[in-house]
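Here the structure comes first, spelled out in structure tokens, and everything after it is commentary.
The values are calculated or read from the model by the stated rules, or taken from the named source; none is laboratory data. Everything numeric here is computed off the predicted structure, so don't read it as measured data. Reconstructed Cβ throughout: ideal geometry from the backbone, glycine too, with neighbour counts over all protein chains shown. The protein model used for the area step is the full one, side chains on, heavy atoms only, and it has no ligands, DNA or RNA in it. Shrake-Rupley method; radii C 1.70, N 1.55, O 1.52, S 1.80 Å.
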Amino acid sequence: MKTWKLVSGILCMILFAFVTLQSCAAGLANSLENNAEVSGSAGIILSVLMLAGGIVSVSTRNSEKKGSDIALIILFTLAALFGFVLSGSFSDLKIWAGWCLINAIMAFLSIRKKAGQIHEKQ
């Protein structure tokens, strides 16, 4: 799981820039079309949460405690929720929300794995 946290964290930090630029373009398109969608703003929120999750993932990859995994689950689940619910015409936002959901699931599996290791030691 340490390798997964490192790789996904770095990818999240790189994707932050791409998703932010895409979201700015989608927000501009929403403003110009005056369609009352908030998909651009939702993309910005998703990208910030994804960046925060990436930083937490990389910085706590060697942690043996569950707190970092709980923080990852919260950050990535919120990001996925914003992405899926508020995507509107910005269909790429669903892809980024899916990536965040995968990361949340992997953090949950990391908790399960740590719980299994603790149970085996006893």
Legend entry - Close pairs (7 angstrom Cβ cut-off, 6 or more residues apart or separate chains): more than 17 Å from ALA80 (Cβ to Cβ) in the range 7-34, open to solvent by less than 40 Å² (accessible area, probe 1.4 Å) and not in a helix (DSSP H, G or I) anywhere: ALA26/PHE90
Inset, instruction - Taking the options LEU51, LEU72, LEU93, name whichever one is within 19 Å of GLN22 (Cβ to Cβ), modelled with pLDDT under 95 and not in a loop (DSSP other than H, G, I, E, B). - result: LEU93
Inset, instruction - Could you tell me whether the range 56-65 includes any residue that is among the aliphatic types (A, V, I, L, M) and open to solvent by 60 Å² or more (accessible area, probe 1.4 Å)? - result: no
Inset, instruction - Please give the number of the condition ASN35 fails out of (1) open to solvent by 70 Å² or more (accessible area, probe 1.4 Å); (2) in a loop (DSSP other than H, G, I, E, B); (3) not hydrophobic (A, V, I, L, M, F, W, C). - result: (1)
Inset, instruction - Give just the number: which of (1) closer than 18 Å to ALA26 by Cα; (2) in contact (Cβ under 8 Å) with a residue 40 or more places away in the chain does SER57 not satisfy? - result: (1)
Inset, instruction - Could you tell me whether any residue of the range 102-121 is charged (D, E, K, R), modelled with pLDDT under 85 and either crowded, with 19+ Cβ neighbours inside 10 Å or within 15 Å of LYS5 (Cβ to Cβ) (or both)? - result: yes
Inset, instruction - Filter the range 66-94 down to residues that are in contact (Cβ under 8 Å) with a residue 12 or more places away in the chain, closer than 30 Å to GLY116 by Cβ and open to solvent by less than 60 Å² (accessible area, probe 1.4 Å), then give me how many there are. - result: 9
Legend entry - Sole residue being within 28 Å of SER110 (Cα to Cα), over 17 Å from the mean Cα position of the chain (by Cα) and of a type outside the set (Lys, Arg), chosen from SER57, SER68, SER63: SER63
